[in-house]
1. Among the residues of the range B:59-88, write down those that are of a type outside the set (Phe, Trp, Tyr) and under 20 Å from B:Ala169 (Cα atoms).
2. Might you check whether a residue that is modelled with pLDDT of 80 or more, buried (at least 20 other Cβ atoms within 10 Å of the Cβ) and over 24 Å from A:Arg148 (Cβ atoms) occurs anywhere in the range B:42-54?
3. Looking only at the range B:182-222, count how many residues are touching a residue at least 60 places away in the same chain (Cβ under 8 Å), surrounded by 15 or more Cβ atoms within 10 Å (Cβ to Cβ) and among the charged types (D, E, K, R).
4. Hey, can you tell me all the residues within the range B:245-290 that are among the aromatic types (Phe, Trp, Tyr) and under 18 Å from B:Pro232 (Cβ atoms)?
5. Taking A:Gln98 as meeting all but one of (1) more than 8 Å from chain B (Cβ to nearest Cβ); (2) more than 25 Å from A:Ile61 (Cα to Cα); (3) not in a helix (DSSP H, G or I), write down the number of the exception.
6. Restricted to the range B:217-249, and to residues that are assigned to a loop (DSSP other than H, G, I, E, B) and aliphatic (A, V, I, L, M), which residue is nearest to B:Leu262 (Cα to Cα)?
7. For the condition more than 23 Å from the chain's Cα centre (by Cα) and modelled with pLDDT of 90 or more, what is the one hit in B:Leu217, B:Leu203?
8. Can you name every one of the strands (runs of 3 or more DSSP E) wholly within the range A:129-241 that holds 2 or more residues which are among the polar types (S, T, N, Q), in contact with a Ser or Thr (Cβ under 8 Å, 6 or more places away or on another chain) and at pLDDT 90 or above?
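The values are calculated or read from the model by the stated rules, or taken from the named source; none is laboratory data. Computed from a predicted model, the values in this text were never measured in an experiment. We place every Cβ from the backbone using ideal geometry, glycine too, and count neighbours over all the protein chains shown.
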Amino acid sequence: MAVVDTEPTKLAVGSEIAVLADDLRKSYREVEAVKGVNFKVSAGETFGFLGPNGAGKSTTISMLCTIIHPTSGVARVAGFDVVRDQAQVRRHIGLVFQDTTLDDYLTASENLSFHAELYGVPKGQVRTRLQQVMEMVGLWDRRDSLVRTFSGGMKRRLEIARGLLHSPRVLFLDEPTVGLDPQTRSHIWGYITELKKRENVTIFLTTHYMDEAEYCDRIAIIDNGVIVASDTPEALKASVGQDRVELHTADDQATIANLSMKFGLEAKLSEGSVAFFVDQGEEFVPRLFSELGVKIQSVRVARPTLDDVFMNYTGRTIRDAEVTGSEKMRQNPFVRARGR
Amino acid sequence: MAATTQNTIPAFVPVRVAGNGVADDLRAILVVWKRELIRFIRNRLRILTSLAQPVLFLYILGTGLSPLISQTAHFNFRTFMFPGVLGMTILFTSIFSAMSIVWDREFGFLREMMVAPVHRWTLVLGKCLGGATVASIQGAIILALAGTVGVPYSPVMVLTLLGEMMLTAFALTAFGVMIAARISQVESFQMVTQFFVLPMFFLSGAIFPLSDLPAWLGVLSKIDPLSYAVAPFREAVFSQIHLPAALTKTLNPGIAWGAWQLPVWFEIAMIMVAALAMVGAAIRQFSRTD
């Protein structure tokens, strides 16, 4: 049997580029879904693609996974070109799609065995590996149950296990928690963080949940097919700069007037509290107490969130973007490919 | 939670993943074939329901039509229907197996196969072989009923029929896969049944002899590919029972192109060619889906 060594253990964070996109574009007839994206993901990194539905996330991930061909540009995954070395790319990646891709009428372990054989995991290693990945997602006890009896969260966990079965260098997770309840979502993230430690795998994920982007080492914000910002979540939030301060006071109108007069800050009354933005909010609080001249009942200082970041770069919230985005097109290349 | 699994997991063992050799192609074909079989065996209800139709045709329709048709000799019409019912079983099971691709697409599993690092043709071939195996098993179950309709269990006949059924099943599954590649909705399955399966079934000579037909019907039955499978089935059965020559000529006329009476080997060769053409077309369909 022709065997290719995947050498997944030798990679150290930052030493190698696991995923690279260079001016990657995809057009569907007159619509340009991805308008030239550039990024590099280092081996071992967790890289998140953040954007509303219809922004081009799924199209980009599909190009990286060799499911659709780029209209132009270059992409390399695990060192292989996604167009020229399609088979090599596929061998070195694990995939978890938005929608389940399990056979409901097979058991959990049958689904995984199918995958192991299709990917050529050597017979002698299948059993150990199967147990490893299933224990990792807490499904080893349910290995002989039919998948149709599984909940949405269990199916997703099984798919993550399956994606790892052949020890891929890069694991692609397309909206790994979409459609799951908040508790299950946080469990899934527990598993993902855990497996990253164990498997030394590079994770490339897409999400439109701001809170999930926080789990990533680095994120790229994509909107209308263009990457508008890319950095660590911390750096992105810092780039927005100012903290948001909310005050409850005895006299809100006086507070707003005094803030303007004494500090030159423009404050607004929102949802029953006085809100304003200021650099280094926490250090500002003591000054506020000594100089404001109005009795303060409570203070809340909030660091900028990724929502603020998104707002800052795109001029709207991700929820507003969702509405227009989903009207524009349904971004599922598979639906498109089969609709002949 | 993730933390509870921690102590049971052994250290990370990287696996090696196979390449693109012949052994890998064979393995891919085999695993797809195996899945078809697991799904078939697990779904007992499907086995039962798909056997109900041929059994109804054979015993109800066959018995009901008997008084009308076989007044002369002490010949049971069910004996005539038997090879046709075998053809029907193969036809319906093969097409149904092939159509499961549409379900696979609907439920996403097709994608799991399509993104695997294997040649597309191995998936198509595995699917065709799987469907053919399932249909042949169903056909063999009906074949086991031979004794109940006056057909003796001759080893030669049984082996001939099994071989012919497998070949036919493969060709029909490949045909179904080719069609399934083009349809994206489960609802279209009804269309396939109405426009392909039922006409093929009715025109094939499965339930009435193709002798003395009006010209237009005779032509249509010669266009129907299934006719070239039912004719050898019937020949295999009729070679085992002894009937007056005239009756044999009416009930088992074979197929003639003009003056040329097609020999069985030629009909089988036609099914083989059709099988290759269909599987080739099915592979082409699936390789294009990128």
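1. Of all residues in the range B:59-88, those of a type outside the set (Phe, Trp, Tyr) come to B:60-74, B:76, B:78-79, B:81, B:83-88.
Once the filter is applied, which keeps residues that are of a type outside the set (Phe, Trp, Tyr) and under 20 Å from B:Ala169 (Cα atoms), the range B:59-88 yields B:Met81, B:Pro83, B:Gly84, B:Val85, B:Leu86, B:Gly87, B:Met88.
2. Yes, the conditions are met somewhere in the range B:42-54.
3. 0
4. B:Trp257, B:Trp260, B:Trp265, B:Phe266
5. Result: A:Gln98 passes all but (2).
6. First, the residues of the range B:217-249 that are assigned to a loop (DSSP other than H, G, I, E, B): B:224-226, B:239-244.
Still in the list and also aliphatic (A, V, I, L, M): B:226, B:241, B:243.
Details: B:Leu226: 15, B:Ile241: 21, B:Leu243: 21 Å.
This residue is B:Leu226.
7. Within the list B:Leu217, B:Leu203, the selection yields B:Leu217.
8. On the way: elements: A:170-174, A:202-207, A:218-223, A:226-231.
Answer list for the range A:129-241: A:202-207.
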